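What follows is a set of notes on a single structure, which appears directly below.
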Amino acid sequence: EIRIPVPAPGTGYCYAKLKRKIGDFATAAAAVTLRIKGETVQDVAIALTNLGATPLKARAAEDALRGKPMTDASIAAAAELAMGICETAPDQRGDAEYKKAMAGEMTQRALRTLGVARAIPLAPVEAVVPGHRVAEWIVVIDVPHRREEPLGVLLGAHAHPLAQQEAD
């Protein structure tokens, strides 16, 4: 039996994934949960994928954010700490240094997206899935390889206008 606790009100999620093409494994990805009260980070969890033999938990990055204001400097510092735990190896998706740099970039994108997304009001998820309160807001970013703009954003169970945009 697996039990997953219901997140506290105000918790949001973002998964930022860098990939070469649709259906490809991530070159680098960051999964972040974040709860902010005012400007202060109440709770945060950061996990990195495809940057080591197993998924990596960026505990030092989390500790650097928790209880502090979310600023450009704190986001950059957390990204640096996340990069520090990477165990990258070169492959067809890039060399080790590139993948490590992208770990920092995906961590920053996830954190920044959550900071912005919490200002976007959404219908409660339980209105879509009766009896299940999953989160206040959910964001998924799908980033094409070596491109600057995300292909799409999905907020909660509702399509967001950004999801309609196609990358050039």
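Restricting the first member to region 1-26 and to residues that are among the polar types (S, T, N, Q), and the second to residues that are outside any strand (DSSP E or B) and open to solvent by less than 100 Å² (accessible area, probe 1.4 Å), the beta-carbon pairs closer than 9 Å and six or more apart or on different chains are 11/135; 11/136. So in region 17-27, with the set limited to residues that are open to solvent by less than 80 Å² (accessible area, probe 1.4 Å) and in contact with a Leu (Cβ under 9 Å, 6 or more places away or on another chain), which one is modelled with the lowest pLDDT? My answer is 26. Any residue at all in region 29-37 that's open to solvent by 40 Å² or more (accessible area, probe 1.4 Å) and farther than 19 Å from residue 67 by Cα? Looking for residues that are open to solvent by 40 Å² or more (accessible area, probe 1.4 Å) and farther than 19 Å from residue 67 by Cα, one finds none in region 29-37, hence no.
Screening residue 84 on (1) loosely packed, with under 13 Cβ neighbours inside 10 Å; (2) more than 20 Å from residue 8 (Cα to Cα); (3) at pLDDT 95 or above shows it passes everything except condition (1). If the condition is being assigned to a loop (DSSP other than H, G, I, E, B), more than 13 Å from the chain's Cα centre (by Cα) and not polar (S, T, N, Q), then region 43-88 contributes 51, 52, 53, 55, 66, 67, 68, 70, 84, 85, 86, 87.
Restricting region 94-119 to residues that are of a type outside the set (Lys, Arg) and at pLDDT below 90, the residue that is most open to solvent (accessible area, probe 1.4 Å) is 116.
The values are calculated or read from the model by the stated rules, or taken from the named source; none is laboratory data. It should be emphasised that the depicted structure is a prediction, and the values quoted were computed from it without experimental measurement. Every residue, glycine among them, receives a Cβ derived from its backbone with ideal geometry; neighbour counts consider all protein chains shown. What goes into the accessible areas is simple: the full protein's heavy atoms, side chains included, and nothing from ligands, DNA or RNA. Shrake-Rupley method; radii C 1.70, N 1.55, O 1.52, S 1.80 Å.
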